[in-house]
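Here's the structure we're looking at; comments come further down.
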Amino acid sequence: MRLEAKNIGFRYGNGPWLFQHVNLTVEPGEIVGLTGPSGRGKTTLCRILSGYEKALEGNVTIGGLPIASKGVHPVQLVFQHPEKAVNPRWKMGKVLNEGGRPDIELLDLLGIEQEWLTRWPGELSGGELQRFCVARALGAGTRFLIADEMTTMLDAITQAQIWHAVMEIAKKREMGIIVVSHEAKLVQRLCDRVITLTDPN
Amino acid sequence: MIQNLHVRKKEENRFSLNRRQRKLITSIVAAILLLGIVVVGALLDEDRIATNLIARNLAPSFDHLFGTDWLGRDMFARTIMGLSLSVKVGLIGAIGSTSIALILGMAAATMGKVADRIISWLIDLFLSVPHLVTLILIAFTLGGGFKGIVMGLVLTHWPSLARVIRAEVMQIRSAEYVQISKQLGKSRGWIAVHHILPHLTPQILIGFMLMFPHVILHESAVTFIGLGLSPHEPAIGIILSESMKYLSAGMWWLAFFPGLCLLMIVQTFDRIGENLRLLLDPTKSND
């Protein structure tokens, strides 16, 4: 069940091609880093891989099959800003269970406390919210996780805790992970291999 | 050190209720008051407002709390019955209109370009003609009376609220948490109900609160020109328009008390709506 992107090309409107002929393969259980300067299309590539955007050229497959547009997407994306990724009118318990009920072990690993589940999003900090977003993305149907600057705005201790939890889960479930980050040290530490997006010209 | 700083202690509160509990209780009391008026008005029989030519034009007293009119009818009973009728018309009109606005606003924003074009055109069409004209047209076509006037009110008061809701839904449906929800396999309908609807409550509540007095006043306006309720039914609009003729003769109580009661009813509604909005707002959940 490898995630394969073949000959991906994308541009916004009639603008210049953001990237073309991009090939990417992620094996299950493999941790891949994705870096590159700002504006080269890292986030766009992530959005294409996780089904938020459709590629104009090429296709994305899992285990050789195209991904169904309905149902739980096997590639889940965690965004940079948890405040925007959570409905401000939902209690955290509902947010957490949107992608299926996560087990207690996962919550403990991520350091989510039961008491938080009855709170509103406005009553939690960014780091606490991001743990919920990660837990929500790690539902039972998730085969690959894309972390798009997932821990960029968190302090070092929270970063370490979240990544530790994610790595543990990934190892246990044979889940592939794509880490997008500007932080070279983090990418080096986590990833088996690193891909750098360069200028298409 | 601030000298006169007064820190309120818990014991000083006569009832140790927090703000949310107080809001909830106020809302319940206000709702009971409104319901009470509707029920009492419906239970009062016609005898209470029978003509009594001996007791004409009496000023307010303990026998006749709100005085009597030029036909000797007790204004208190008339006012309560009028309020009951007006609240009923206002409620049906405002609830119906709000529902239409909600459905059309949501449909315009979620069902694609063609639906949006059609609904926006419909909104523009209704907004380009003054309310009252369409209202008269519909009420007249349906033959007037309670049914005609209520249908007219329901079908004419939705456009501006529908436009607000459409804009709001368009903004929410592009939010990140909605896109994530889609990727988590949720259907369009599920997202509409669980993600979008909770965000519309303030718009709906405020739209409803503003619409309620509007509807009552339009009802009385149409009744005034003879296309609405029949003149012997004691709607507040009829009472007010009749009383205007007698104001210059010094009979202030004919318009004063019914007008005051209408104001109080509208205020009560306003209070309920505002309290509900605050109770449902997550950012105010700790007040």
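What shape does chain B have by the C-alpha gyration tensor, where a ≥ b ≥ c are the square roots of the eigenvalues, rounded means a/c under 1.5, and otherwise prolate means a/b greater than b/c and oblate the rest? It comes out oblate by the Cα gyration axes.
For segment A:77-154, taking the reciprocal of the average inverse distance between every pair of different Cα atoms yields a Kirkwood hydrodynamic radius of 12.4 Å.
Extents of chain A, largest first, come to 51, 36, 34 Å (Cα atoms, principal axes, whole angstrom). Comparing B:Gly145, B:Gly93, B:Gly250 in a Gaussian network model of chain B (Cα springs below 10 Å), the most mobile by mean-square fluctuation is B:Gly250. For segment B:67-90, the residues whose backbone nitrogen is under 20 Å from a point 7 Å from the Cα of B:Ala50, taken along Cα to Cβ, are B:67-82. At 37 °C and a viscosity of 0.692 mPa s, what translational diffusion coefficient does Stokes-Einstein give for segment B:15-55, taking Rh as the Kirkwood radius over Cα pairs? Give it in µm²/s as a whole number. Calculated translational D: 250 µm²/s.
Calculate how steeply helix B:145-156 sits against the longest principal axis of the alpha-carbon atoms of chain B, using the helix alpha-carbon long axis, and give the answer as 0 to 90 degrees to the nearest 10. So the helix axis and the longest Cα principal axis differ by about 30 degrees. Backbone amide hydrogens, once placed in the peptide plane, bring A:Gly33 within less than 5 Å of A:Val179, A:Asp192, A:Arg193, A:Val194, A:Ile195, excluding anything fewer than 5 places away on its chain. Considering only B:Leu217, B:Leu184, B:Leu197, the Gaussian network model of chain B with Cα springs below 10 Å gives its largest mean-square fluctuation to B:Leu184. Shielding by partners for peptide A:68-78, expressed as the average number of C-beta atoms from other protein chains within 10 Å of each residue's C-beta, is 3. Neighbour counting of Cβ atoms within 10 Å sorts the residues B:His194, A:His21, A:His73, fewest neighbours leading, into A:His21, B:His194, A:His73.
How large is Rg/Rh for the protein assembly as shown, to two decimals, with Cα atoms and a Kirkwood Rh? Mind showing how you got there, number by number?
On the way: Rg = 31.4 Å, Rh = 27.4 Å.
My calculation puts Rg/Rh at 1.15.
What number do you get for segment B:63-162 when its Cα radius of gyration is normalised by 2.2 N^0.38 Å, N = residues?
Working: Rg = 18.4 Å, N = 100, 2.2 N^0.38 = 12.7 Å.
Normalised by 2.2 N^0.38 Å, the Cα Rg of segment B:63-162 equals 1.46.
Counting, for every residue in B:197-210, the Cβ atoms of other protein chains within 10 Å of its Cβ and taking the mean gives 1.
What longest range of chain A stays clear of loop-exposed GluC sites (Glu not before Pro) (DSSP non-H/G/I/E/B, at most 13 other C-beta within 10 angstrom)? Kindly include the intermediate steps, with their values, before the conclusion.
Working: sites that count: A:Glu113, A:Glu174.
With GluC sites (Glu not before Pro) excluded where exposed in loops, chain A gives A:1-112 as its longest stretch.
Only the coordinates and a few stated rules stand behind these numbers; no lab work does. All values reported here derive from a predicted model rather than from experimental measurement. Backbone-built Cβ (ideal geometry, glycine too); neighbour counts: all protein chains shown.
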